[in-house]
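Asks: What follows is a single structure, and I will ask about it in a moment.
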Amino acid sequence: MMLAKLAIKLRTMQLYYHFCHNFARGPVFMQDHAAFNEFYDEATDDYDAVIENAMVKEGDEVVCPKMQLKSIYGRIKELKCVDAESDKVLFEQGLMLEKELCTYIEDVKQSGVSLGCETLIGDVAARSEVRQYKIGQRIR
Ligand SMILES: [Fe+2]
């Protein structure tokens, strides 16, 4: 179920970034609002591609909404969203999620996946690396 778990991580990030898109505040509101929009759009596409691949490799049961939502809720409630002191906190948490994502993608790759799957998750990691750079520029 490693791909299903990866899809859940991406859905969690998609929701997290969408919440951040609306909770962004402060002098650079427009830039932060737009950056979070870009991030959740990428997470939406990546979630879709990964969950479809998970269905193929791990079976139809991976799409079970209850199973997905339980994991997503568990992770989201550990994060600061509405109560974050500043947008910097939102980006710092985003960076943490991105790093977790890339570490997990390494684990999935090590487990031995098909070439198609390796390409797909490699692309997901590549987009995460760019987001990490963008976030890094914002929080330094
Ligand atoms: Fe919006």
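The values are calculated or read from the model by the stated rules, or taken from the named source; none is laboratory data. Computed from a predicted structure; not experimentally measured. All Cβ positions, glycine included, derive from the backbone under ideal geometry; neighbour counts span all protein chains shown.
Asks: So is TYR133 among the aromatic types (Phe, Trp, Tyr) and more than 21 Å from CYS20 (Cα to Cα) or not?
Replies: No, not satisfied.
Every residue, every condition in (1) buried (at least 16 other Cβ atoms within 10 Å of the Cβ); (2) part of a helix (DSSP H, G or I); (3) modelled with pLDDT under 95, yes or no:
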position: GLU42; (1), (2), (3): yes, yes, no
position: ASP46; (1), (2), (3): yes, yes, no
position: GLU52; (1), (2), (3): no, yes, no
position: LYS66; (1), (2), (3): no, yes, yes
position: ARG75; (1), (2), (3): yes, yes, yes
position: LYS80; (1), (2), (3): no, no, yes
position: GLN93; (1), (2), (3): yes, yes, no
position: LEU97; (1), (2), (3): yes, yes, no
position: LEU101; (1), (2), (3): yes, yes, no
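Asks: Do we find a residue being within 22 Å of ALA125 (Cα to Cα), away from the ligand (no atom under 16 Å from the Cβ) and among the aromatic types (Phe, Trp, Tyr) anywhere in the stretch 58-79?
Replies: No.
Asks: Right, here's the next one. Return the total of residues in the stretch 52-98 being under 19 Å from PHE19 (Cα atoms) and not hydroxyl-bearing (Ser, Thr, Tyr).
Replies: Counting residues in the stretch 52-98 that are under 19 Å from PHE19 (Cα atoms) and not hydroxyl-bearing (Ser, Thr, Tyr) gives 28.
Residue-by-condition table, conditions (1) closer than 22 Å to GLU100 by Cβ; (2) aliphatic (A, V, I, L, M); (3) crowded, with 18+ Cβ neighbours inside 10 Å:
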site: ALA7; (1), (2), (3): yes, yes, yes
site: HIS21; (1), (2), (3): yes, no, yes
site: GLU58; (1), (2), (3): yes, no, no
site: GLU61; (1), (2), (3): no, no, no
